[in-house]
Amino acid sequence: MLLVVGLGNPGPRYAGNRHNIGFMALDAVMRRHGFGPARTKFHGEIAEGRLAGRRVLALKPMTYMNDSGRAVLAAASFYRIAPPDILVLHDELDLAAGKIRVKRGGGHGGHNGLRSIHAHVGPDYRRLRFGIGHPGHREAVSPHVLKDFAKVDTEWRDKLLDAVAEHFPLLAAGDDSGFMNKIALVMAPPRRRPATGDEGEQPGDA
């Protein structure tokens, strides 16, 4: 079984925040792939589905961001899911807005949700990092992440979430590079070669 965890804060007050893009991404995946109805368990909301032939448990911790690890540990312990089979979707200050990266293991980078997961299950889980950009100085970080996406950002955000949901089965199958290639083609499609104006011309044509 694969445990996919979207990070965010519960309730309508936080629903549109940059910090909640993990919730948004997981919701998009569940809608696209017809997951079952959510129910309350493991200090969160869970739903089940299948991706790439694997049984997948989708979890949105309702503990608030700073205590996310408690929900992850509860679900992982119940289903005996090892950290390498946990995939966490979260916001990332150190990536430009609209960029994503897949990472396996490593530090928490000061992210409070990851810090909590590290404390409960260790560092050896996979992450899908959604860039939200850095406000420029430390004092502005909290207002930045706890503020809704600006209107100008919603176009790339919604396009990215749709692409992630569509190609998420590749991640479920462990094909991280294939997934990233698909997302790159959606978000930055190759430019068409400019016409030279001489197509079809023959020597001597006027």
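FYI, it's all coordinate maths here, none of it is from the lab. Quick caveat: nothing in here was measured; it's all calculated off a predicted structure. With ideal geometry, Cβ positions are generated from the backbone for all residues, glycine too; neighbour counts draw on all protein chains shown.
Observations, loosely collected:
- Cβ-based exposure ranking for Val186, Val121, in which fewest neighbours within 10 Å come first: Val186, Val121
- Taking the longest Cα principal axis of the chain as reference, the axis of helix 176-187 is set at about 50 degrees.
- The region of the chain that goes longest without hitting one of the trypsin sites (Lys or Arg not before Pro) in a DSSP loop, each with at most 12 other Cβ atoms within 10 Å, is 81-190.
- Radius of gyration and maximum dimension Dmax of segment 80-166, Cα, Å: 13.9, 42
- Reachable aspartates and glutamates, given that their alpha-carbon falls under 19 Å from the alpha-carbon of Lys103 and they are not under 8 places away in the same chain: Asp85, Asp91, Glu92, Asp94, Asp124, Asp175, Asp176
- Extension reserve of the Asp148-Tyr14 stretch, reckoned as 0.36 nm per residue once the Cα distance is removed: 47.5 nm
- Charge tally around Lys159: other residues with Cβ under 12 Å, Lys/Arg +1 each, Asp/Glu -1 each, net -4.
- Leu161, Leu114 arranged by Cβ crowding within 10 Å, fewest neighbours leading: Leu161, Leu114
- The chain, relative contact order [Cα under 8 Å, separation at least 6], %: 24
- Charge tally around Gly49: other residues with Cβ under 11 Å, Lys/Arg +1 each, Asp/Glu -1 each, net +4.
- Angle in degrees between helix 112-121 and the longest Cα principal axis of the chain, rounded to the nearest 10: 60
- Rounded tilt (10° steps) of 154-172 against the dominant C-alpha axis of the chain: 70
- Part-to-part distance (alpha-carbon centres) for segment 147-179 and segment 68-95, which is given in Å: 18
- Dimensions (Å) - the chain, Cα atoms, principal axes, largest first: 78, 44, 31
- Its DSSP H runs of at least 4 residues, each contributing -39,500 (n - 2.57), put the calculated 222 nm mean residue ellipticity of the chain at -10500 deg cm²/dmol, to the nearest 500.
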